[in-house]
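**Q** After the structure tokens below, expect a handful of questions from me.
The values are calculated or read from the model by the stated rules, or taken from the named source; none is laboratory data. Since the model is a prediction, treat every value here as computed from it, not as a measurement. We place every Cβ from the backbone using ideal geometry, glycine too, and count neighbours over all the protein chains shown. Just so you know, the surface numbers come from the protein's heavy atoms only, side chains and all, with ligands and any DNA or RNA stripped out. Shrake-Rupley method; radii C 1.70, N 1.55, O 1.52, S 1.80 Å.
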Amino acid sequence: MAGLRGALIVLEGADRAGKSTQARRLVEALKERGYKTEGLRFPERTTEIGRLIGSYLEKKSNLEDHTIHLLFSANRWEQVPMIKEKLRSGVTLVIDRYAFSGVAFTSSKENFDLHWCKQPDVGLPKPDLVLFLNVSPEVAASRGGFGNEIYETNSFQEKVSKRYAELMEDKTVNWTLIDASQNIEDVHRQLKELTEKAIEDAKDKPIGK
Ligand code: T5A
Ligand code: NA
């Protein structure tokens, strides 16, 4: 019998929605429940491509808009062999941002259409579940001010939220909207429940594209 695969779980959402906090909690909780689980994040700033991205986000270098979009995508593709290997060996992956961030952010810039933005990520392993952590701009603001990174302004984040809403209309993706204005524990409980179900549903299905 072929081994059962792990699930690919993605967390998306606006700035300060709590993605990183919840991703960490979720990995720990799933491990405690006996699931082989690991966390990943995009951008993964530690690779050579990731260092270019980090420098751009920190405004230490300027990159042409199409170029940085392709680098974000390349930063996902460079992890694909590892992602597939882990999933096939039964490890569930909890990923903090994925291709949806790539599309939502770049398509919020002037003169980018959604279709062009999606192409570089076509063919990536398909998430079994995308958890969208939804918070209002007011709640996000109450969690502290923006940092100094390039996309951290109110006007840009508003555009990003609209793009995410458009992306969520794609019914071929298993989106689940979560009210992330609740406290950390309540959000966590919901994510854990949804994820355990997704792991069970995914285990005897092929990895999607
Ligand atoms: N990007 C990314 C692209 O343009 N293209 C791409 O392809 C990709 C992958 C970096 C940037 O890159 C862009 C998007 C971004 O602009 P990042 O490193 O993921 O992406 O961004 P960060 O700035 O690290 O993360 P966020 O600002 O989005 O925050 P999180 O992870 O959503 O929130 P978190 O968990 O750090 O929490 C924020 C604060 O709120 C508190 C936490 O303790 C923390 O202080 N908090 C709560 N407070 C009350 N109630 C709750 N339920 C709370 N949950 C968290
Ligand atoms: Na984060």
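**Q** Surrounded by 15 or more Cβ atoms within 10 Å (Cβ to Cβ) and over 24 Å from residue 69 (Cα atoms): does that describe residue 178? Break it down stepwise before answering.
**A** On the way: surrounded by 15 or more Cβ atoms within 10 Å (Cβ to Cβ): yes; over 24 Å from residue 69 (Cα atoms): yes.
Against the criterion (surrounded by 15 or more Cβ atoms within 10 Å (Cβ to Cβ) and over 24 Å from residue 69 (Cα atoms)), residue 178 qualifies.
**Q** Among the residues of region 107-125, write down those that are surrounded by 15 or more Cβ atoms within 10 Å (Cβ to Cβ) and either in contact with a strand residue (DSSP E or B) (Cβ under 9 Å, 6 or more places away or on another chain) or outside any helix (DSSP H, G or I) (or both).
**A** Hits for region 107-125 are 107, 108, 109, 112, 124, 125.
**Q** Given the criterion open to solvent by less than 20 Å² (accessible area, probe 1.4 Å) and either under 20 Å from residue 58 (Cα atoms) or within 18 Å of the chain's Cα centre (by Cα) (or both), identify the matching residue among 74, 104.
**A** Values: 74 fails: open to solvent by less than 20 Å² (accessible area, probe 1.4 Å).
104 is the lone residue from the list that is open to solvent by less than 20 Å² (accessible area, probe 1.4 Å) and either under 20 Å from residue 58 (Cα atoms) or within 18 Å of the chain's Cα centre (by Cα) (or both).
**Q** Okay, moving on. Are there any pairs, at least 6 apart or on different chains, whose C-beta atoms fall under 7 Å, with the first in region 138-158 and among the acidic types (Asp, Glu) and open to solvent by less than 90 Å² (accessible area, probe 1.4 Å) and the second within 12 Å of ligand 2 (Cβ to nearest atom) and in a loop (DSSP other than H, G, I, E, B), and if so, which?
**A** 152/15
**Q** In region 161-171, what residues are touching a Phe, Trp or Tyr at 6+ places or on another chain (Cβ under 6 Å) and part of a helix (DSSP H, G or I)? Break it down stepwise before answering.
**A** Within region 161-171, the subset touching a Phe, Trp or Tyr at 6+ places or on another chain (Cβ under 6 Å) is 167-168.
If the condition is that a residue be touching a Phe, Trp or Tyr at 6+ places or on another chain (Cβ under 6 Å) and part of a helix (DSSP H, G or I), then 167 is the only one that fits.
**Q** Which number in (1) out of contact with any Cys (no Cβ under 8 Å at 6 or more places or on another chain); (2) in a helix (DSSP H, G or I); (3) hydrophobic (A, V, I, L, M, F, W, C) marks the one condition that residue 103 misses?
**A** Against the list (1) out of contact with any Cys (no Cβ under 8 Å at 6 or more places or on another chain); (2) in a helix (DSSP H, G or I); (3) hydrophobic (A, V, I, L, M, F, W, C), residue 103 comes up short only on (1).
**Q** Restricting to region 14-32, what's the tally of residues that are open to solvent by 20 Å² or more (accessible area, probe 1.4 Å), out of contact with any helix residue (DSSP H, G or I) (no Cβ under 9 Å at 6 or more places or on another chain) and within 13 Å of ligand 2 (Cβ to nearest atom)?
**A** Count: 2.
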